[in-house]
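Engineer: First the structure, then my questions, so here it is.
Quick note: the coordinates plus some simple rules give every number you see, no bench work behind them. A quick note: this is a predicted structure, and the numbers were derived from the prediction, not measured. Note: ideal-geometry Cβ built from the backbone for every residue, glycine included; neighbour counts use all protein chains shown.
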């Protein structure tokens, strides 16, 4: 703002003119100029993420699940359909299906399990590294299904290994399997480094 000093003749007129000039200057300076460095605070808030190690590890685990499919009956075909392009299971971070238990995080039991096969299923479960989870897919894996009265069928996979998520159906649709996987991911997020297998709430 350019200040123009008027020409005056006496000291009293000079003081009066200077007082008017100061008052008009004060009236024009009621608001502050914006801080030129304020953008730095906004940039930091936009680019700095504060979290815990537990939350970061749980986020990474949730989005990088390596499944092992233990398919014995028709539910395995529905799991294959869920992995196809129509339902696109890979968008949930489960696109790399492992066939080695030492590289898998979650075991999907899909189909009827007999007592003769139960020892193999338990051995595969024991070979999986921690943390590990199990999803029981279909009525046969959950409770033995229509064969539960048979002497050779396991009446529920939870008799031989802990189960984290149950997906009911005979067979369940691919959408139900995706919902079960989402429930497992919600459980993984609630876990910590010390206890990744917290109960699903």
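Engineer: Let a ≥ b ≥ c be the square roots of the eigenvalues of the Cα gyration tensor of segment 86-132; is it rounded (a/c under 1.5), or, if not, prolate (a/b larger than b/c) or oblate?
Structural biologist: In terms of gyration-tensor shape, oblate.
Engineer: Same structure again: So for segment 53-189: antiparallel DSSP bridges make up what percent, rounded to the nearest 5?
Structural biologist: Of all bridge pairs located within segment 53-189, approximately 5 percent are antiparallel.
Engineer: Packing-wise, with mean Cβ within 10 Å as the measure, how do 162-169, 53-60 rank, highest first?
Structural biologist: 162-169, 53-60
Engineer: For a Förster distance of 22 Å, can you work out the FRET efficiency between the beta-carbons of residue 91 and residue 60, rounded to the nearest 0.05?
Structural biologist: 0.85
Engineer: Oh, and also: Extending each Cα 7 Å along its Cβ direction at residue 158 and residue 20, get the distance between those two points in nm, one decimal.
Structural biologist: So the label points at residue 158 and residue 20 sit 9.2 nm apart.
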